[in-house]
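The values are calculated or read from the model by the stated rules, or taken from the named source; none is laboratory data. Everything numeric in this text was worked out from a predicted model, so none of it was measured. Glycine gets a Cβ as well: all are built from the backbone with ideal geometry, and neighbour counts include every protein chain shown.
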Amino acid sequence: MYGDEATIHKILTGLGDTWAVVGLSSNERRAAYGVAKVLQRFGKRVVPVHPKAETVHGEQGYASLADIPFDVDVVDVFVNSHLAGPIADEAVAKGAKAVWFQLGVIDEDAYDRTRAAGLEMVMDRCPAIEIPRLG
């Protein structure tokens, strides 16, 4: 419902390869860590966004989207649903082309706002599951 196959394909293949991963830290037990590694394996540049601003998978981290000194194409969100909406709004302000809310992250109002701002959006899906399906 929140990400048809055409939109998923477009985000994964046609919008650019710089992904800001919000919630990515050096904690290897967190889902964001493994998903970011898969994205890298498929040629994406992964930019960690976390209050600790740690370097993860060889990429410098930043405390917020606004702190990233270059453009990002996709903002991948690994936070609780009640925190995700403001991050989607920050992605719009940052000039991202798409927002991706991970499995279990749902905010229908944020989805509507983000789409109305002209960005592609997927909710409640995982790019690490979807990208291998592209062939």
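Against the list (1) aromatic (Phe, Trp, Tyr); (2) crowded, with 23+ Cβ neighbours inside 10 Å; (3) in a loop (DSSP other than H, G, I, E, B), the condition PHE70 fails is (2).
Residues of the range 81-135 that are of a type in the set (A, V, I, L, M), closer than 12 Å to ILE8 by Cα, part of a helix (DSSP H, G or I) and in contact with a helix residue (DSSP H, G or I) (Cβ under 8 Å, 6 or more places away or on another chain): ALA128, ILE131, LEU134.
Cβ separations smaller than 9 Å between residues 6+ apart or across chains give the following pairs from the range 107-135 residues that are closer than 18 Å to ASP73 by Cα to residues that are part of a strand (DSSP E or B) and of a type in the set (Gly, Ala, Ser): THR114/ALA98; LEU119/ALA98; GLU120/ALA98; MET121/ALA98; VAL122/ALA98. Does GLU59 count as over 13 Å from the mean Cα position of the chain (by Cα), surrounded by fewer than 22 Cβ atoms within 10 Å (Cβ to Cβ) and modelled with pLDDT of 95 or more? So GLU59 fits the description; yes. A residue that is in contact with a His (Cβ under 8 Å, 6 or more places away or on another chain), surrounded by 16 or more Cβ atoms within 10 Å (Cβ to Cβ) and on the phi < 0 side of the Ramachandran plot can be found somewhere in the range 23-32.
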